[in-house]
Amino acid sequence: MEYTCVQTIDCKQGAIRAVRFNVDGSYCLTCGSDKKIKLWNPYRNLLLKTYGGHAHEVNDATAACDSSQIASGASDKSVILWEVTTGQPVRRWREHASKVTCVKFNEDSSVVISGSQDNTVMMWDVKSRSHHPIQALKEARDSITSVHVSDHEILTASLDCRIRRYDIRTGNLVTDYVGEPIVDACFTRDCQCILTCSTDECLRLFDKATGELLEEYKGHKSGDFRIECCLDSKDSQIFCGSSDGKIYKWQLVDSSQISTLIHSVGKAVVNSLCSHPTRKHIMSACGNNVKLWTAEEDYGQGD
């Protein structure tokens, strides 16, 4: 079954910078140029709470594993930890020297990991009241564009054409050269491969263990924009945003099979994507709205 749009949410946040499902896919977060984070039930187009405290546009947000806290990073160089129920900030970290581009929790949500245009990745202890990071990774030579976390590895992408994997258990750092500036990278669900999205309008799939290039996916347009990619919950399909208002979709094992979903007609950038952790749902952000897409025939029964 092809993906169809079942919900469009006008977020009223100016330009949406990121849309993210929470850990079980029950809710989603949006953040944008209005300096706020919003928590939604996307299935009912229902705004649940708004979080305000950044001094500039918010570039990324992420929910903790128990959905009790939210972390956000913004162009004001700060990372904020929020209490979901009260809407109040409980920690504010300001050690980055430039805008924060991406944030993630580690597996048990005891640490917040942030990447910045200052070329660094910083790790913050959620329980500590210290204003300083517990660790900083400074190997990148250009802006950090994305951070993703598995059960024991932190994957970072950078405009210096490299992806880096930091092993939390051993402290080992592995660097792979992709050849083009990278705007997004993520693990496959089984953590056996890494998908990258580069400024040359090419997605690449690498074997994590060997670094071997397994496949390339082309067709989308990126221009000068930061475009995100993701995989579905079964590691069977790849999605990527595009600067022509579309979402491009490939079969993982057959890069020649391509189709598109139209988020917006005209010159509009689909800049952020996220996939549901277990179901055939994806969310896309373009301009001031986000859309929920599904490939499930029984959508709506229990949502």
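The values are calculated or read from the model by the stated rules, or taken from the named source; none is laboratory data. Quick caveat, the model's predicted, so the values are computed rather than measured. For neighbour counting, all protein chains shown are included, and Cβ atoms are generated from backbone atoms with ideal geometry for every residue, glycine included. Side chains are part of the model used for accessible areas, which takes the heavy atoms of the whole protein and leaves out ligands, DNA and RNA. Shrake-Rupley method; radii C 1.70, N 1.55, O 1.52, S 1.80 Å.
Please list, ordered by residue number, the strands (runs of 3 or more DSSP E) wholly in the range 1-66 having 3 or more residues that are modelled with pLDDT under 95, closer than 25 Å to Tyr299 by Cα and out of contact with any helix residue (DSSP H, G or I) (no Cβ under 8 Å at 6 or more places or on another chain).
none
Any residue in the range 265-274 that is modelled with pLDDT under 95, closer than 28 Å to Leu173 by Cα and crowded, with 18+ Cβ neighbours inside 10 Å?
Among the residues of the range 265-274, not one is modelled with pLDDT under 95, closer than 28 Å to Leu173 by Cα and crowded, with 18+ Cβ neighbours inside 10 Å, which makes the answer no.
With the condition being under 18 Å from Val58 (Cβ atoms), open to solvent by less than 10 Å² (accessible area, probe 1.4 Å) and out of contact with any Gly (no Cβ under 6 Å at 6 or more places or on another chain), I'd like the strands (runs of 3 or more DSSP E) fully within the range 103-145 carrying at least 3 qualifying residues.
Filter on the range 103-145 gives 111-116.
Which residues, counting only those in the range 168-198, are open to solvent by 40 Å² or more (accessible area, probe 1.4 Å), closer than 24 Å to Ser116 by Cα and in contact (Cβ under 8 Å) with a residue 24 or more places away in the chain?
Residues satisfying the conditions are Ile168, Leu173, Thr175, Asp176.
When both residues are 6+ apart or on different chains and their Cβ atoms are under 7 Å apart, which pairs have a first residue that lies in the range 87-102 and is without any contact (Cβ under 8 Å) to a residue 40 or more places away in the chain, and a second that is open to solvent by 70 Å² or more (accessible area, probe 1.4 Å) and acidic (Asp, Glu)?
Once the first residue is without any contact (Cβ under 8 Å) to a residue 40 or more places away in the chain and sits in the range 87-102, no partner that is open to solvent by 70 Å² or more (accessible area, probe 1.4 Å) and acidic (Asp, Glu) comes close enough.
For every residue, the table says whether it meets (1) polar (S, T, N, Q); (2) farther than 18 Å from Ile80 by Cβ; (3) open to solvent by 30 Å² or more (accessible area, probe 1.4 Å).
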position: Met1; (1), (2), (3): no, yes, yes
position: Thr4; (1), (2), (3): yes, yes, yes
position: Ala18; (1), (2), (3): no, no, no
position: Phe21; (1), (2), (3): no, yes, no
position: Thr30; (1), (2), (3): yes, no, no
position: Lys36; (1), (2), (3): no, no, yes
position: Lys49; (1), (2), (3): no, no, yes
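Residue by residue, here is whether (1) touching a Leu at 6+ places or on another chain (Cβ under 9 Å); (2) β-branched (Val, Ile, Thr) holds:
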residue: Ser243; (1), (2): no, no
residue: Tyr248; (1), (2): yes, no
residue: Val265; (1), (2): no, yes
residue: Ser272; (1), (2): no, no
residue: Ser275; (1), (2): yes, no
residue: Lys280; (1), (2): no, no
residue: Met283; (1), (2): yes, no
residue: Asn288; (1), (2): no, no
residue: Glu297; (1), (2): no, no
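Test each condition in (1) surrounded by 21 or more Cβ atoms within 10 Å (Cβ to Cβ); (2) at pLDDT 95 or above for Ser222 and report the one that comes out false.
Condition not satisfied by Ser222: (2).
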